[in-house]
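The values are calculated or read from the model by the stated rules, or taken from the named source; none is laboratory data. Because the structure is predicted, anything quoted here is derived from the model rather than measured. Glycine gets a Cβ as well: all are built from the backbone with ideal geometry, and neighbour counts include every protein chain shown.
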Amino acid sequence: MRRRAFFFPQLYNHNIVLLDDTFMTRIQGRWSLLVQSKTQFKHETYKWDSESIDYVISKKQVEAWEHWRKVNLILFSANVNGNHWVAIAVGLKERVIKVYDSLPEINSVLEITKWISCLRKMLPSLLVHTMPDIYTDALPFAVQ
C-alpha cells in the first residue's frame with residue numbers, strides 16, 4: 001500500500017502516514033523491557049532509540065513515509081496476543097487511538113485496552129521528544 005501511495009500520490013490523502021507492523025512491535029518490546037525491569041515509565045527520562053525516532057522524522061527510506069509533522073493520521077496494523085490482527089488509526093491532533101477489529105469476539109474490550117496501553121502512554125513521549133514545538137505534554141492518548 002505504501003508503494004502504491006508513492007507511485008500514485010494523487011489517489012491518496014497526504015495527511016496520512018502508513019506504517020509497517022513493526023512499529024507496534026517496537027513499542028511493545030520497549031514496554032516489556034520496562035515492565036520486566038519494574039521501572040516506571042517516565043517520559044522525561046526515557047531514552048528513545050534512533051530507530052524509533054526515525055519513524056517520526058522519516059529518516060527511514062521507505063516509500064510514502066512523511067515526517068509526522070506533516071500528517072494528521074497514522075495508520076498501521078498490529079497483531080494482538082499473537083492470534084489476531086487489528087487496524088490502528090492514531091489521530092495526532094485529536095490525541096485518540098482507534099482500534100478497528102473485524103472479529104471483536106476474539107479479544108474483549110478490556111484485553112484490547114490493556115494491550116494498547118503501551119502505545120497510549122509511550123507515543124505521546126515519542127512525539128514530545130521528536131517535536132517539542134508541537135507536542136508539549138506527554139499525557140496518554142484516549143482509546144476508542
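Check R95 against each of (1) more than 14 Å from the chain's Cα centre (by Cα); (2) on the phi > 0 side of the Ramachandran plot and name the one condition it does not meet.
Evaluating R95 over (1) more than 14 Å from the chain's Cα centre (by Cα); (2) on the phi > 0 side of the Ramachandran plot leaves (1) as the failure.
For the subset of region 34-58 comprising residues that are surrounded by 10 or more Cβ atoms within 10 Å (Cβ to Cβ) and more than 14 Å from L123 (Cβ to Cβ), which member is modelled with the lowest pLDDT?
Kept after step one, since they are surrounded by 10 or more Cβ atoms within 10 Å (Cβ to Cβ), are these residues of region 34-58: 34-35, 39, 41-43, 46, 48, 51-58.
Cutting the leftovers down to more than 14 Å from L123 (Cβ to Cβ) gives us 34-35, 39, 42, 51, 54, 57-58.
Details: L34: 86, V35: 86, T39: 82, K42: 86, E51: 86, D54: 85, I57: 84, S58: 75.
Among those residues, the one meeting the criterion is S58.
If you take the residues in region 93-139 that are of a type in the set (F, W, Y) and either over 19 Å from S32 (Cβ atoms) or at pLDDT 95 or above (or both), which one is surrounded by the most Cβ atoms within 10 Å (Cβ to Cβ)? Show your work before the answer.
Here is the first cut: in region 93-139, the residues of a type in the set (F, W, Y) are 100, 115, 135.
Subsequent filtering for residues that are either over 19 Å from S32 (Cβ atoms) or at pLDDT 95 or above (or both) retains 100, 135.
Values: Y100: 12, Y135: 19.
Only one residue tops the list, namely Y135.
What is the number of the single condition among (1) in contact (Cβ under 8 Å) with a residue 40 or more places away in the chain; (2) loosely packed, with under 15 Cβ neighbours inside 10 Å; (3) within 19 Å of S32 (Cα to Cα) that A142 does not meet?
(3)
Is at least one residue of region 3-20 modelled with pLDDT under 85, surrounded by 13 or more Cβ atoms within 10 Å (Cβ to Cβ), of a type outside the set (A, V, I, L, M, F, W, C) and in contact with a Pro (Cβ under 9 Å, 6 or more places away or on another chain)?
no
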